[in-house]
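See structure below.
The values are calculated or read from the model by the stated rules, or taken from the named source; none is laboratory data. The structure displayed is predicted, hence computed values, not measured ones. Counting neighbours? That spans all protein chains shown, and the Cβs are built from the backbone with ideal geometry, glycine included. For the accessible areas, the whole protein counts, side chains as well, though only heavy atoms, and no ligand, DNA or RNA atoms are used. Shrake-Rupley method; radii C 1.70, N 1.55, O 1.52, S 1.80 Å.
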Amino acid sequence: MWCHLPTISVRRRALLLATSVALFVAFTTTLILGHATYATAGINKTINFQGRLLTSTGATVPDGYYNIQFNIYQDGAGTAAGNPGGTLEWTESYINNGGTSGVVVKNGFLSVNLGSVTAFGSSVDWNQDTLWLSMNVAGTAAACVTYGTAPCTADGEMLPMKRMTATPYAMNAG
């Protein structure tokens with residue numbers, strides 16, 4: 001004769017125990033890992049710009065510290081100095097005051113973090129389709145104090161201007 005123990009009550013207890021353990025694990029995990037994550041307030045709000053500076057004949061410029069001004073225009077075509085039809089939104093000048101400032105140029109290459117000297121703040125509406133970056137070089141004069149005045153006279157904006165692409169526009173996300 002075979003004797004069967006009530007398997008339903010054993011299965012019911014096992015299911016109840018498994019459910020209790022699962023709920024305990026879920027609750028504990030929610031308490032430990034369920035904290036809110038916020039964006040960092042200290043995001044670097046500069047734009048890295050790299051380029052190569054050449055003479056009018058195509059040769060690389062001599063190494064040194066250059067006086068360079070960068071402008072951002074909104075709208076216009078970006079094909080003429082001052083960007084007619086556009087509005088100047090932001091300006092930043094790197095001045096070689098004393099011979100060890102300004103933009104470092106080595107083998108013609110330069111790299112700057114736009115917005116590190118003059119913060120963008122709210123002057124540029126990054127939610128625009130047409131923003132143009134221009135640059136204007138005023139040589140390497142170490143006695144330069146004010147951009148655009150002797151001995152810091154600029155060559156004129158380089159044309160065509162560079163249209164700003166998607167990455168700087170991410171600054172609009174804040």
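Inspect region 156-173 for any residue being assigned to a helix (DSSP H, G or I), at pLDDT below 90 and crowded, with 18+ Cβ neighbours inside 10 Å and give the result as yes or no. Yes: one or more hits. If you filter region 99-116 down to residues that are in a loop (DSSP other than H, G, I, E, B) and under 14 Å from the mean Cα position of the chain (by Cα), you find that the one that is surrounded by the most Cβ atoms within 10 Å (Cβ to Cβ) is Gly115. The residue that is surrounded by the fewest Cβ atoms within 10 Å (Cβ to Cβ), among those in region 26-68 that are among the hydrophobic types (A, V, I, L, M, F, W, C) and modelled with pLDDT of 80 or more, is Ala59. Looking at region 78-96, which of the residues that are buried (at least 17 other Cβ atoms within 10 Å of the Cβ) and not hydroxyl-bearing (Ser, Thr, Tyr) is nearest to Gly156 (Cα to Cα)? Filtering first and then ranking leaves Asn83. Among the residues of region 115-142, those identified as within 30 Å of Gly99 (Cα to Cα) and of a type in the set (Phe, Trp, Tyr) are Phe120, Trp132. Pairing each residue of region 121-146 that is closer than 21 Å to Ser56 by Cβ and open to solvent by less than 30 Å² (accessible area, probe 1.4 Å) with any residue that is aromatic (Phe, Trp, Tyr) and assigned to a loop (DSSP other than H, G, I, E, B), provided the two are 6+ apart or on different chains, yields C-beta distances under 7 Å for Ala138/Tyr147.
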